[in-house]
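Below is one structure, written out as structure tokens, with a few remarks after it.
The values are calculated or read from the model by the stated rules, or taken from the named source; none is laboratory data. Since the model is a prediction, treat every value here as computed from it, not as a measurement. Cβ atoms come from the backbone with ideal geometry, glycine included; neighbour counts cover every protein chain shown.
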Amino acid sequence: MLEKINYPQDIKKLNIEELKVLASEIREFIIKNVSTGGGHLASSLGAVEICLALHYCLDTPRDTIIFDVGHQTYAHKIITGRKDKFSGLRKYKGLSGFPNPAESEYDVYISGHASTAVSWAEGIAEAKRLKQETSSTVAVIGDGSLTGGMCFEAFNHSGHRQDNILVVLNHNEMSISPSVGALSNYLTKIISMPIYNRIKNELDSFLKRLPSFAKKIASVKKRFEEALKSMIVPGVFFEELGFRYFGPIDGNDLGVLVPTIYNLLSVKGPKVLHVLTKKGRGYKYAEDNPEDFHSAASFSVSTGDFAKKKVLSFTEVFARKLTSLAEKDTRIVAITAAMSKGTGLNIFRGAFPERFLDVGIAEGHAVGLASGLAKESLRPFVAVYSTFLQRSLDQIIHDVALQEVPVAFCIDRAGFVGADGPTHHGVFDISYMRIVPGMVCMAPKDKEELEDMLEFSLSLNSPVSIRYPRDEAFSLNKREKITLGKSQIMRKGEDICVIALGSMVKEAMAAADIMEDKGVGVFLVNARFAKPLDKELLLFAGDNFKTVITIEEGVLTGGFGSGVMEFYEEKGYIGKVFLKRFGIPDEFSTFASRRKLLELYGLTAQQLAHSIEKLFKEEVSWQR
């Protein structure tokens, strides 16, 4: 059946039983494709019926569907003209793993961060009201999105404005018993029917026309009704925010989902439809291990075994070292925002559950919480992906730096992260951390230096950030004691100076080897610190070399190289030394393997060697 489906108009020709068959075929299609190329499997399998039901009931793209995060959108992509491109999922110049308006008119936003969809939907619904348009607006959010403050802010405002939006709350962490589920499905069917809402509206209108005495009776009745409702209706929280609540219903049952959505589209004002789904539905291994199959590498469909061999990552090095430090230092507390396994802190949690805090998708709160812990003389380590930490910049500045409390920010996935693309690349943290007064910004060259930096951070009474890549951990076999604001000389050469930060030291070392074979001596420095800079080293480089090169796996705007340039300007070295910065230009980077992305921006060893050689030849020519 799937081969006949290309666009939402095609599924409207099917009945409910045929839709169920289509859902099964879509699951098989997703499993087959993700097993060979990787992708977000568990969430997408759980949301197949939601995607089908929405497109079946709505007139998309005239009606708007906004997905929060977008992990669950594979079925949406398949039935909106991208089925034939699915083999290129998350591959360079292929199909994005998230919604992307550049791919399809059915995608409204590039959505990779949580808790955003209700705000977007309210803005669109408000615009439609102002333009007197009648199309529907739907936001699909996960239960995890409700831990984010932005989502609550949006609910609060949307409930006040009373625009016509439908929020589908996809709850995939809870199971309900068959009896409760059947009763809930029955009640929701009734209260979502147009006749119920028409009677309710007429009753409300009638009560408003009653004389004062009768109104008092109505008021007592209303209070009793609300008290009873608060005991038996799970959605009273949403009702108090101004949303009509419906559910929970079985979100994997098209026979319930389709008529409910149809009925709710005729209900005026903001509405929440609470649906219960099963992560990984239809694939046993994903159902049993949804966290492992959230963002899955290639795997065997028959066994569920992943193809890639497990290697030691920088994430695991961080987690092991922090756990080791915590054994000796009882002040250490670990904090994450819904990423205990992704950041490796499940290791810490196993050893010190009472000193581990997962705040959910609430990065701002994670930082504020860390501030309070540090204020009471504890040593909090906040482990968050670079792309998500940027959501807490105000708290980093106001709650931590301004208060001068020692919080350590352990920035995972710093630099390119590969197939997740622009919503997840951690390329901005050097710039946004470097602007914060009092912040110490470090980046290790290898796994031993990461361990040393974690230990060194405990000796400082200031906020600290340590960034490390999503990569296999390696050793460059040159370990030296860390001193605040001091770099490390990796090799001495007399022709050109190269200063590399963090993950780029390895590439720069290989480039220097290539240049040595060509007779060019590279003076190579491991910067270690993006802030404070090694001023003594920079003055030495400016006095002894005509050309100084900086290399970083981050945006050039406001980055490490910019810091070096600012220092040289301050010291009057502009014109005396030529500074060339290598990094990521002022643009959002596409999705591809990390290696491919380094290649696209000229940051591999071979490319850097070519650039260094060219700069050296230009320098020699200029000197002549």
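Taking segment 536-594 as the range and being in a helix (DSSP H, G or I) and within 22 Å of the chain's Cα centre (by Cα) as the test, only 594 passes.
Answer yes if at least one residue in segment 562-573 is within 15 Å of residue 415 (Cβ to Cβ), at pLDDT 95 or above, in the same structural domain as residue 497 (by TED's automatic domain parsing) and among the small types (Gly, Ala, Ser), and no otherwise. No, segment 562-573 has no match at all. Does residue 43 satisfy the condition of being more than 20 Å from residue 172 (Cβ to Cβ) and either polar (S, T, N, Q) or touching a strand residue (DSSP E or B) at 6+ places or on another chain (Cβ under 6 Å) (or both)? No.
Within the option set 102, 47, 42, 117, being in contact with a Pro (Cβ under 6 Å, 6 or more places away or on another chain), in the same structural domain as residue 172 (by TED's automatic domain parsing) and not aromatic (Phe, Trp, Tyr) holds for one residue only, 42.
Scan segment 25-46 and tell me whether some residue there is of a type in the set (D, E, K, R), surrounded by fewer than 21 Cβ atoms within 10 Å (Cβ to Cβ) and farther than 17 Å from residue 299 by Cβ. Looking through segment 25-46, at least one residue is of a type in the set (D, E, K, R), surrounded by fewer than 21 Cβ atoms within 10 Å (Cβ to Cβ) and farther than 17 Å from residue 299 by Cβ. Applying the criterion of being touching a Leu at 6+ places or on another chain (Cβ under 9 Å) and closer than 15 Å to residue 167 by Cβ to the residues of segment 236-256, the residue that is surrounded by the most Cβ atoms within 10 Å (Cβ to Cβ) is 251. Scan segment 67-88 for residues that are within 18 Å of the chain's Cα centre (by Cα) and of a type outside the set (Asp, Glu) and the total you get is 7. State the number of residues belonging to segment 520-550 that are among the small types (Gly, Ala, Ser), under 18 Å from residue 510 (Cα atoms) and crowded, with 24+ Cβ neighbours inside 10 Å. Within segment 520-550, residues that are among the small types (Gly, Ala, Ser), under 18 Å from residue 510 (Cα atoms) and crowded, with 24+ Cβ neighbours inside 10 Å number 1.
Conditions (1) assigned to a helix (DSSP H, G or I); (2) in contact with a helix residue (DSSP H, G or I) (Cβ under 8 Å, 6 or more places away or on another chain), marked per residue:
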site: 260; (1), (2): yes, yes
site: 302; (1), (2): no, no
site: 318; (1), (2): yes, yes
site: 325; (1), (2): yes, yes
site: 334; (1), (2): no, yes
site: 340; (1), (2): no, yes
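For segment 1-40, the set of residues classified as farther than 15 Å from residue 77 by Cβ and outside any helix (DSSP H, G or I) consists of 1, 12, 13, 14, 15, 38, listed by residue number. Within segment 530-580, the set of residues being among the acidic types (Asp, Glu) and farther than 22 Å from residue 502 by Cα comprises 543, 569, 570.
Of all residues in segment 86-97, none satisfies being outside any strand (DSSP E or B), within 27 Å of residue 256 (Cα to Cα) and touching a residue at least 60 places away in the same chain (Cβ under 8 Å).
Residues that are over 23 Å from residue 542 (Cα atoms) and of a type in the set (Val, Ile, Thr) do not occur anywhere in segment 497-505. Taken over segment 386-419, residues that are under 17 Å from residue 342 (Cα atoms) and surrounded by 24 or more Cβ atoms within 10 Å (Cβ to Cβ) amount to 12. Exactly one residue among 105, 126, 153, 122 is over 26 Å from residue 239 (Cα atoms) and not hydroxyl-bearing (Ser, Thr, Tyr), and that residue is 105. State whether the residues of segment 467-481 include one that is among the polar types (S, T, N, Q) and touching a Ser or Thr at 6+ places or on another chain (Cβ under 9 Å). Looking for residues that are among the polar types (S, T, N, Q) and touching a Ser or Thr at 6+ places or on another chain (Cβ under 9 Å), one finds none in segment 467-481, hence no.
Scanning segment 288-300 for residues that are touching a residue at least 60 places away in the same chain (Cβ under 8 Å) and not in a loop (DSSP other than H, G, I, E, B) yields 296, 299.
How many residues does segment 108-137 hold that are assigned to a strand (DSSP E or B) and touching an Asp or Glu at 6+ places or on another chain (Cβ under 7 Å)? Here the count works out to 0. Filtered by the rule that a residue be surrounded by 24 or more Cβ atoms within 10 Å (Cβ to Cβ) and either of a type in the set (Gly, Ala, Ser) or in a loop (DSSP other than H, G, I, E, B) (or both), segment 49-70 gives 53, 68, 69, 70.
What about residue 495, is it within 22 Å of the chain's Cα centre (by Cα) and not polar (S, T, N, Q)? No, not satisfied. Within segment 611-624, no residue satisfies the criterion of being modelled with pLDDT under 95 and within 30 Å of residue 420 (Cα to Cα). When 552, 613 are screened for being more than 27 Å from residue 436 (Cβ to Cβ) and in contact (Cβ under 8 Å) with a residue 40 or more places away in the chain, only 613 passes.
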